[in-house]
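Chemist: Sharing a structure with you now.
No value in this document is a laboratory result; all are computed from the given coordinates. Everything numeric here is computed off the predicted structure, so don't read it as measured data. FYI the Cβ positions are ideal-geometry reconstructions off the backbone, even for glycines, and counts take in every protein chain you see.
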Amino acid sequence: MIEVRFFATLREGRGKIVQVPAEEVFTAADLLRRFAIPSEEVAILLINGFHSKPQDPVKDGDIISLFPPVGGG
Amino acid sequence: MSNAYYEKIARINLTTGEIKVEPLDLKIAQKFIGGRGLGTKILYDEGVATADPLSADNKLVYITGPMTGSNSPSSGRYMVVTKSPLTGMIACANSGGIWGAKLKFAGWDALIVEGVAPEWSYINITDDKIEILDAREYLGMLSEEMDDKLKAKHGDACSVLNIGPAGEKQVLLAAVMNDKDRAAGRSGTGAVMGSKKLKAIVVTATRKQLDVIADVEALKEANKACLKIMTANPLTGEGLRALGTASLVNVINGIGALPTKNWQESYCPTADQFSGETLAEKYLVKPGACYHCPIACGRVIKHDDKIVGGPEYEPLWAYGSDCGNDDLYTIDECNRLCNEYGLDAIGVPCTIAAAMELYQNGCIKEEDCAGVPLEWGSKEALIEWTKRMGDPKTELDWLMSSGSARLCEHYGHPEFSMSVKKQEIPAYDARAIQGIGINYATANCGAAHVRGYMIAPEVLGIPAQLDRTVTDEKAGWAKTFQDLTAVIDSMGNCLFTSFALGAPEYASLLNAATGTNYTPEELLEVGDRIFNIERMFNKAAGMKPEDDRLPKRLLTEPISNGPSKGMVNKLDITLPQYYAARGWVNAFPTDETLKKLGLDECVGK
């Protein structure tokens, strides 16, 4: 399974954490499509805690974190 | 000719009661812009660097920038510049709210406060009129109650800056508060006020806007262009208003850089419980904004039956994971207590975290804790020890209120103090984010995130996404961020505008308001000049090259858990690169660098 974690406004209608069967997705972009999230709405995409791009591959056991624009100090 | 300054400084001697009006030297003001830059220049020239910080010889400069109170975005900032009793170096604590704008509307670019009052006093300013009044009836009062009482006395139109019990007692982690929940929080500026027996400064102004702008039409155009950029920017246009700075809890935890249990760990599995998302869901009433701010990052929350200012990211992290706590209500309460007692809401919880590690290791014993053991995650300990640090009585209260460096030194474990130049490090683990470590090590005020916020490029991808795990090019980035920050602070705008704006936009605002013709490159050179005069203040104050350091834990103890497990900070690589970029040798500018920056007064010192 791949664990998808949603944050801030991306939680609306999707919840906090969703498990997705690994065989159904190949890239982070596949996950964005699956959850109807336009890529421009994702400011930070982490795969296992590291900044990544939508075209990067995902695999079984990965944790994907999706953030809209957030920040502060 | 108008130039966005009122060209007036009030010099208030509390020892003699003398109040002098001095003209602003416009040439010097424009060379250092105002605010942080000009405040430091004044103190450097007046020889404050060698003063005992808590003696009559230290001075407090309350200073605005040329943009403070203007119609430019987020222009409510003022600064308290002084010699810090916590670090023994330059302090420049920056705050928002409305107080700074009102000081400017009253016609003052700055106040220089000297001496020690014979009795507890406060300063009351109504436009041109400045008077020193008796403050004895307010002694021991919490900040908010005193604000209410002074408003009742001087009218609702006034704005109040004050210290709470912590400042009165010269606690080294004491903040200066204004407008109830805004703080010039760091470096112990509140203790300096306390040492001068100065309890508050009340300002009432007839003016409602600046009437000294050089080119009103040009500023209108520049404002319009900047607002357009800020509105279109997803962070300044929407993101910060929605969740505030608290939204960072999950991001920083997500990359494994959320210091936990005094930085023994860097990932907290339950961080979502004290995140911006949970704060919004459980307690948020509405966003809050400082003077003329379209961003509105502040949190107005419901706490028990009261509506109060809610926690920023820093107290959320520091009272949260760093103390092994994930109870958001407790953090809200501790944040409120910091505001009421007038305490640095970073330094206090970080010191409690250090004390908890001392307790974990048996250095502080249960019998030392007067009934409230310093156990990880103890809600009672967080609340009670915050109160004790705000109004210390016992030996341990006093030790803790002096900050983690002095506390851990006392117990023979200086390595437990996560501080630089005796000031506690903010919320980002520099083992997982290489560039922020350069800034922590070199910031002239001691560890600070808001002197060169490398989190923007290394984590948030602003203005470009850098790889947080490598050292490449980070020294140059850190220098540029530090220089631009010095400019923004000195102008009197909020640093958060820089999530959307860059040097060209700041140049357009400043030039329109003051009548100068700075190019973006020249403006960055002014920032460089300001950073260097701060460094020369520190040199005169006795700073040593070894003060540009990071705690041993960040250099030699790899991160123990989470996504960044195994990482350490590589300051040995980045610091020499940074010094080369600055034109410094052994932590200080060469005479050649000083001459190039027009700091002839510092050459040979």
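Chemist: I need the phi-derived Karplus couplings for the stretch B:592-605: 6.51 cos²θ - 1.76 cosθ + 1.60, θ = phi - 60°, integer Hz, Gly and Pro marked x.
Modeler: Using θ = phi - 60°, the values come out as 4, 4, 4, 5, 4, 8, x, 9, 4, 5, 9, 5, x, 8 Hz.
Chemist: What does the extension gain come out to for B:LYS129 and B:GLN209, with contour length at 0.36 nm per residue minus their alpha carbon separation?
Modeler: Contour length minus the Cα-Cα distance gives 27.0 nm.
Chemist: Express in nm, to one decimal, how much length is gained between B:LYS282 and B:ALA56 on full extension, taking 0.36 nm for each residue of separation and deducting their alpha carbon distance.
Modeler: Working: separation 226, 0.36 × 226 = 81.36 nm, distance 4.69 nm.
The span from B:LYS282 to B:ALA56 would gain 76.7 nm if fully extended.
Chemist: Would you kindly compute the Cα radius of gyration of the stretch B:81-181 and its largest Cα-Cα separation (Dmax), both in Å?
Modeler: Gyration radius and largest Cα-Cα distance of the stretch B:81-181: 13.7, 38 Å.
Chemist: Between B:VAL216 and B:ASP368, what FRET efficiency follows from the Cβ-Cβ distance if R0 is 51 Å, with the result rounded to 0.05? Let's see the in-between values first.
Modeler: On the way: r = 62 Å, r/R0 = 1.22.
It comes out at approximately 0.25.
Chemist: Using a ≥ b ≥ c from the Cα gyration tensor of the stretch A:2-67 (square roots of the eigenvalues), is it rounded, prolate or oblate, where a/c under 1.5 gives rounded and otherwise the larger of a/b and b/c decides, a/b for prolate?
Modeler: Numbers: a/c = 1.40, a/b = 1.23, b/c = 1.14.
Rounded, because the longest to shortest axis ratio a/c is under 1.5.
Chemist: Counting only DSSP beta bridges with both residues in the protein assembly as shown, what percent are antiparallel, rounded to the nearest 5? Each step should come with its number before you reach the end.
Modeler: Values: 59 of 74 bridges.
So the antiparallel bridges in the protein assembly as shown amount to around 80 percent.
Chemist: Moving to a separate point now. Using each residue's phi in the stretch B:62-73, evaluate 6.51 cos²θ - 1.76 cosθ + 1.60 at θ = phi - 60° and report the 3J(HN,Hα) Karplus result to the nearest Hz, with x for Gly and Pro.
Modeler: 9, 9, 9, x, x, 8, 4, x, 7, 7, 6, x
Chemist: Out of residues 5 or more away from A:GLY73 or on other chains, whose amide H comes under 5 Å of its own, with H placed 1.01 Å from N in the peptide plane?
Modeler: So A:GLY73 has HN proximity to B:TYR313.
Chemist: What FRET efficiency do you get for B:VAL585 and B:HIS413 if R0 is 35 Å and r is their Cβ-Cβ distance, rounded to the nearest 0.05?
Modeler: Working: r = 33 Å, r/R0 = 0.94.
E(calc), rounded to 0.05, equals 0.60.
Chemist: Moving to a separate point now. Can you put B:LEU173, B:LEU248 in order, fewest other beta carbons within 10 Å first? Working shown, then result.
Modeler: Details: B:LEU173 33, B:LEU248 29.
The most exposed by this proxy come first: B:LEU248, B:LEU173.
Chemist: Which residues' amide hydrogens lie under 5 Å from the amide hydrogen of A:ILE2, considering only partners 5 or more residues apart or on another chain, with H built in the peptide plane?
Modeler: Close amide H contacts, sequence-distant or interchain: A:VAL20, A:ALA22, A:GLY61.
Chemist: Would you mind ranking B:TYR578, B:TYR440, B:TYR313, B:TYR283 by Cβ crowding within 10 Å, fewest neighbours first? Before the final figure, lay out the partial values.
Modeler: Details: B:TYR578 24, B:TYR440 32, B:TYR313 28, B:TYR283 18.
Final ranking by Cβ density, sparse to dense: B:TYR283, B:TYR578, B:TYR313, B:TYR440.
Chemist: Between A:PHE35 and B:SER560, how high is the FRET efficiency from 1/(1 + (r/R0)^6) when r is the Cβ-Cβ distance and R₀ = 41 Å? Nearest 0.05.
Modeler: Details: r = 33 Å, r/R0 = 0.80.
Given R0 = 41 Å and the Cβ-Cβ separation, E is 0.80.
Chemist: Sort the stretch B:8-204 into rounded, prolate or oblate with this rule: let a ≥ b ≥ c be the square roots of the eigenvalues of the Cα gyration tensor; rounded if a/c is under 1.5, and if a/c is not under 1.5, prolate when a/b is larger than b/c, oblate otherwise. Present the calculation step by step, with values, prior to reporting the outcome.
Modeler: Details: a/c = 1.37, a/b = 1.10, b/c = 1.25.
Note, shape of the stretch B:8-204 comes out rounded.
Chemist: Bin by bin, in steps of 10 Å, what percent of the Cα pairs in chain B do you find, going until the bin that has the longest distance?
Modeler: 4, 18, 30, 30, 15, 3, 0
Chemist: Take each of the peptides B:451-461, B:488-498, B:78-88, average the number of other beta-carbon atoms within 10 Å over its residues, and list them starting from the highest. Before the final figure, lay out the partial values.
Modeler: Working: B:451-461: 24.5, B:488-498: 26.8, B:78-88: 28.5.
Averaged packing, sorted descending, gives the order B:78-88, B:488-498, B:451-461.
Chemist: Quote the charge dipole size of the protein assembly as shown about the Cα centre in Debye, to the nearest 20; the model charges only the Cβ of Lys and Arg (+1) and of Asp and Glu (-1). Don't jump to the answer; show the numbers that get you there.
Modeler: On the way: 71 positive and 89 negative charges, 175 e Å.
Using Cβ point charges on Lys, Arg, Asp and Glu, the protein assembly as shown gives about 840 debye.
Chemist: Let me ask something else about it. Please work out how much length the chain gains when fully extended from B:ASP156 to B:LYS552, using 0.36 nm per residue of separation minus the C-alpha to C-alpha distance, in nm with one decimal.
Modeler: Details: separation 396, 0.36 × 396 = 142.56 nm, distance 5.02 nm.
Extra length available between B:ASP156 and B:LYS552 comes to 137.5 nm.
Chemist: Here is a further query. If the convex hull of the alpha-carbon atoms of the protein assembly as shown is projected onto planes in all directions, what is the mean projected area in square nanometres? Could you put the intermediate results ahead of the total?
Modeler: Working: hull surface 108.4 nm².
Projected area, direction-averaged: 27.1 nm².
Chemist: Extending each Cα 7 Å along its Cβ direction at B:SER2 and A:ALA22, get the distance between those two points in nm, one decimal.
Modeler: For the pair B:SER2/A:ALA22, the computed spacing is 6.7 nm.
Chemist: Here is the link list: B:LYS208/B:LYS421; B:LYS27/B:LYS605; B:LYS151/B:LYS224; B:LYS196/B:LYS479; B:LYS180/B:LYS552. Which ones come out longer than 32 Å on Cα distance? Please report the intermediate quantities before stating the final value.
Modeler: Details: B:LYS208/B:LYS421 40 Å; B:LYS27/B:LYS605 23 Å; B:LYS151/B:LYS224 35 Å; B:LYS196/B:LYS479 35 Å; B:LYS180/B:LYS552 37 Å.
Where the Cα-Cα span goes over 32 Å, the pairs concerned are B:LYS208/B:LYS421; B:LYS151/B:LYS224; B:LYS196/B:LYS479; B:LYS180/B:LYS552.
Chemist: Using θ = phi - 60° and the Karplus relation 6.51 cos²θ - 1.76 cosθ + 1.60, list the HN-Hα couplings for the stretch B:30-42 in order, rounded to whole Hz, with x at every Gly or Pro.
Modeler: 6, 6, 10, 6, x, x, 4, x, 5, x, 5, 4, 4
Chemist: Ok, one more. At 7 Å along Cα-to-Cβ for each site, give me the label-to-label distance between B:LYS544 and B:ALA232 in nm.
Modeler: 5.3
Chemist: Only Cα pairs under 8 Å and at least 6 apart count here; give the relative contact order of chain B as a rounded whole percent. Don't skip to the answer; put the middle values down first.
Modeler: Values: 1462 pairs, mean separation 98.4, N = 605.
Once divided by the residue count of chain B, the mean separation gives 16 percent.
Chemist: What is the distance in Å between the Cα centres of the stretch B:12-26 and the stretch A:1-54?
Modeler: Going from one Cα centre to the other spans 60 Å.
Chemist: Check B:ARG299: other-chain or 5+ apart residues with amide H under 5 Å from its amide H, H built from backbone geometry?
Modeler: B:GLY288, B:GLY310
Chemist: With 32 Å as the limit, write out which pairs from B:LYS83/B:LYS387; B:LYS261/B:LYS474; B:LYS104/B:LYS393; B:LYS83/B:LYS570; A:LYS16/B:LYS474 have Cα-Cα distances beyond it, or answer none.
Modeler: Numbers: B:LYS83/B:LYS387 26 Å; B:LYS261/B:LYS474 28 Å; B:LYS104/B:LYS393 39 Å; B:LYS83/B:LYS570 30 Å; A:LYS16/B:LYS474 34 Å.
Too far apart for the 32 Å limit: B:LYS104/B:LYS393; A:LYS16/B:LYS474.
Chemist: Run the quick spin-label model on B:ASP327 and B:LYS149: label points 7 Å from Cα toward the beta carbon, then report their separation in nm to one decimal.
Modeler: 3.2
Chemist: Rg/Rh for the stretch B:244-423: what does it come to with C-alpha atoms and Rh from Kirkwood?
Modeler: Numbers: Rg = 15.9 Å, Rh = 16.4 Å.
Reported Rg/Rh (Cα atoms, Kirkwood Rh): 0.97.
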